[in-house]
Amino acid sequence: YQAKMDFALKLGYAGDQIQAVLNKLGADALINDVLAELVRLGNKSESEGQSTASSTSSTLVPRGPCPKEIASPELSLEDEVVDNSDNLRPIVIDGSNVAMSHGNKEGFSCRGIQLAVDWFLEKGHKDITVFVPAWRKEQSRPDAPITDQEILRKLEKEKILVFTPSRRVQGRRVVCYDDRFIVKLAFDSDGIIVSNDNYRDLQNEKPEWKKFIEERLLMYSFVNDKFMPPDDPLGRHGPSLENFLRKRPVIPEHKKQPCPYGKKCTYGHKCKYYHPERANQPQRSVADELRISAKL
């Protein structure tokens, strides 16, 4: 009797259920008969439970799935991550590069700097710094024309623009290297550099600067008076512009690229494409699934 009891308990049956079966069949009953009776009782209790559930469900008021359930994975991810100005990276603008680009390399257009600053302000950025050499405050000359110079003073009052130091020694202008100011501030603040310059000389100075410039340089174009950074700053397989400008990504990169293999994909969590069927479950490869099932 005790041997049959222990055997059935190891299989996961309840003690009172086993005791009822043994009392019914007797202690001399074969183990196969005991198991058959336990299976029959288990099936019977399950069917009773289902009928009870169906009867109670008929009295409940049906409701649709909550918005969180029907929302797409992209929306649910956006809900989880709070997106505000604190999630946006600091912006460091190479003022000379932007102004010369807007002036078609022929003049220093301060309006180009204002257009770039306005674009980032509209995106919600509050930490914006523009570096411009101090000698650009001097009067415009034919060999170095400057337009809309009053914008520089205006941005300086708004504490957005910073003039890098310069001075005259025996009639000769001594200028500090403004590119080093730009890269150093962006590196220290973990921000974004806005420039079309690759800063190759500074990349050779420090290995950490080289990696930072490669990963945090935002290039741009001007179409007349429209400031246009690329939608894919680090290339086709890199982050989107929205996520590039954020500390924590909000919009999933893969939402526009469903996996071409669908459910037949064997890459698991390493697959870079989006799998809607794996939204609410861990994405494991077939090999990982087999290893886990083998352990079980």
Count of the stretch 147-184 residues which are closer than 15 Å to GLU215 by Cα and open to solvent by 20 Å² or more (accessible area, probe 1.4 Å): 1
Any residue at all in the stretch 100-118 that's closer than 20 Å to ARG216 by Cβ and of a type in the set (Lys, Arg)? no
Please go through the stretch 193-231 and give me each residue that is open to solvent by less than 30 Å² (accessible area, probe 1.4 Å), within 22 Å of LYS123 (Cα to Cα) and of a type in the set (Phe, Trp, Tyr), ordered by number. TYR220, PHE227
Per-region count, the stretch 119-149, residues within 19 Å of MET100 (Cβ to Cβ), without any contact (Cβ under 8 Å) to a residue 24 or more places away in the chain and assigned to a helix (DSSP H, G or I): 0
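Do the conditions hold for GLY124, that is, is it open to solvent by less than 60 Å² (accessible area, probe 1.4 Å), at pLDDT 55 or above, on the phi > 0 side of the Ramachandran plot and of a type in the set (Gly, Ala, Ser)?
The answer is yes for GLY124.
The values are calculated or read from the model by the stated rules, or taken from the named source; none is laboratory data. No experiment lies behind these values; they were computed from the predicted model shown. Don't worry about glycine lacking a Cβ; one is built from the backbone with ideal geometry, like all the others, and counts go over all protein chains shown. The area values use the complete protein model at the heavy-atom level, side chains included, leaving out ligands, DNA and RNA. Shrake-Rupley method; radii C 1.70, N 1.55, O 1.52, S 1.80 Å.
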